[in-house]
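Worksheet: the structure to be examined is printed underneath.
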Amino acid sequence: MTELSAAHAAAVTDRGRLAGSAYNTDRDLAARQSLYRWQTPRYDLPGIVAEQLSRVRGRVVDVGCGNGTFIRRLRQDRPDLALLGLDIAPGILAGVPGPVAVADVTRLPLADESADAALALHMLYHVPDIARAVRELSRVVVRDGPLIVSTNGDRDKAELDDLWQRAAGDVLGTGRGPARISLSARFSLEKAPAFLQEEFDRVETIELPGTIAVGDAGPVIAHLASYRAWADQHDVPFDATVERARAIVADHITRYGTFRINCEGGILVCRR
């Protein structure tokens, strides 16, 4: 996973871009989520989160709830919980079962120790001030209540990074083009504990490695195209690079049967 430049880091955390383009609907997020259908082993991430909450009673707040994947599962498995979904993007909340509200993780509209648990799943890398967000999450969760965080590792989906650079190089005629933007580099699985341990005494990392193998270029290309909100950050014609990547993947599948991608994701369970 490539480190972000200052400009890319600003783009990844820009609230206007996040709320107005990247997550104004769940189209792009759903495209990224769908790629995991072809992962082995197939992790039931909402189920893993529900299991981590097995001893929790009362209120659970899902901060950066996105399209509500985890809220829906918890409503099914744990109807006893009082669930609240928060996100900075009003558009993506449209289909999420309520109650939901528009809120910023660095200024949560919640009283001290008012949540029995909190979720911050694949979202802290979008926050300009990660340390402040962690302080806010610590403030609103009761002592010994879990904060469950998820993110990707530094080498997650490296094959897609290589694919993008090959395709970009072909489009530009340079052999190898510029790297694609990385969303999670600022708060990767390796970097996350240092942020979280500032507020939480116990931080347990549960690694969830796997391999995606697809026999069709479609899911891979949908994943690459889901970064359209950051097209101006790629230093290459975005649509042309996506289409060139499609041809590369299709040729690879013709030759070898599948296109394989290694995943390095995980969750961190934090308590103070």
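Details
- The condition of being more than 16 Å from the chain's Cα centre (by Cα), without any contact (Cβ under 8 Å) to a residue 60 or more places away in the chain and not in a helix (DSSP H, G or I) does not hold for Val56.
- A search for C-beta distances below 7 Å between a residue of the range 12-31 that is under 23 Å from Ser188 (Cα atoms) and any residue that is of a type in the set (S, T, N, Q), counting only pairs 6+ apart in sequence or on different chains, returns Asp26/Asn67; Asp28/Ser226; Leu29/Asn67; Ala30/Asn67; Ala31/Ser226.
- Put simply, of Ile212, Ile148, Ile206, Ile221 the only residue that is assigned to a strand (DSSP E or B), farther than 30 Å from Val56 by Cβ, modelled with pLDDT of 95 or more and of a type in the set (Val, Ile, Thr) is Ile212.
- Long-range neighbours under 6 Å by Cβ, at least six apart or interchain, first residue under 18 Å from Arg271 (Cβ atoms) within the range 110-128, second crowded, with 20+ Cβ neighbours inside 10 Å and hydroxyl-bearing (Ser, Thr, Tyr): Leu121/Ser150
- Neighbours by Cβ (under 9 Å, 6+ apart or cross-chain): first from the range 141-161, farther than 19 Å from Val127 by Cβ; second among the aromatic types (Phe, Trp, Tyr): Glu159/Phe259
- Filter result (under 20 Å from Asp28 (Cβ atoms) and in a helix (DSSP H, G or I)) within the range 245-272: Ala245, Arg246, Val249
- Flag not set for Leu163, criterion: assigned to a loop (DSSP other than H, G, I, E, B) and in contact with a helix residue (DSSP H, G or I) (Cβ under 6 Å, 6 or more places away or on another chain).
The values are calculated or read from the model by the stated rules, or taken from the named source; none is laboratory data. Computed from a predicted model, the values in this text were never measured in an experiment. Note: ideal-geometry Cβ built from the backbone for every residue, glycine included; neighbour counts use all protein chains shown.
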